[in-house]
């Protein structure tokens, strides 16, 4: 038979856990809200500086475009391997590769496509630069 002195200890433990979670949640909300100033202003985000100067919006967009080109090229390369495993041959059209992907292979800054003369080989073209086989042109996608 349970000891009468142990009655209610489970409930007290549960209340203690809820209290700790409530305090932690309140602290998280305050820190996400930028403190307790109540001004509603967005907290200052420090700038990132490099030896060549401060990052700006344009360089951030350029870096994102380069990263997107490289990621799309990698996804397309993996898709070619998958396509060949499923169909026993290399894809010959962009539509065959694109059908496996959620996002488009091309943007206004770069275009990734199947080389018509070489099935399964990808080309990267960037406006103002010659077409290249492989991801080397992705370096120019930023600007």
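The values are calculated or read from the model by the stated rules, or taken from the named source; none is laboratory data. Worth saying up front: this structure is predicted, and the values here are computed from it rather than measured. Positions of Cβ are backbone-derived with ideal geometry, glycine not excepted, and every protein chain shown enters the neighbour counts.
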The lone exception for residue 124 - which of (1) at pLDDT 85 or above; (2) in a loop (DSSP other than H, G, I, E, B); (3) buried (at least 19 other Cβ atoms within 10 Å of the Cβ) it fails: (2)
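To keep it simple, each residue is scored yes or no on (1) modelled with pLDDT under 85; (2) surrounded by fewer than 14 Cβ atoms within 10 Å (Cβ to Cβ); (3) in contact with a strand residue (DSSP E or B) (Cβ under 7 Å, 6 or more places away or on another chain); (4) part of a helix (DSSP H, G or I).
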| position | (1), (2), (3), (4) |
| --- | --- |
| 20 | no, yes, no, yes |
| 36 | yes, yes, no, no |
| 45 | yes, yes, no, no |
| 60 | yes, yes, no, yes |
| 67 | no, yes, no, yes |
| 91 | no, no, yes, no |
Starting from residues that are surrounded by fewer than 15 Cβ atoms within 10 Å (Cβ to Cβ) and touching a strand residue (DSSP E or B) at 6+ places or on another chain (Cβ under 7 Å), keep the ones in region 93-120 and report whichever is nearest to residue 61 (Cα to Cα). 115
Only residues that are under 21 Å from the mean Cα position of the chain (by Cα), free of Cβ contacts under 8 Å to residues at least 40 places away in the same chain and outside any loop (DSSP other than H, G, I, E, B): list them for region 98-116, please. 98, 111
Boolean, residue 139 is in contact with a helix residue (DSSP H, G or I) (Cβ under 8 Å, 6 or more places away or on another chain) and in contact (Cβ under 8 Å) with a residue 60 or more places away in the chain: yes
Of those in region 127-143 that are assigned to a loop (DSSP other than H, G, I, E, B) and under 21 Å from the mean Cα position of the chain (by Cα), the residue nearest to residue 69 (Cα to Cα) is 141
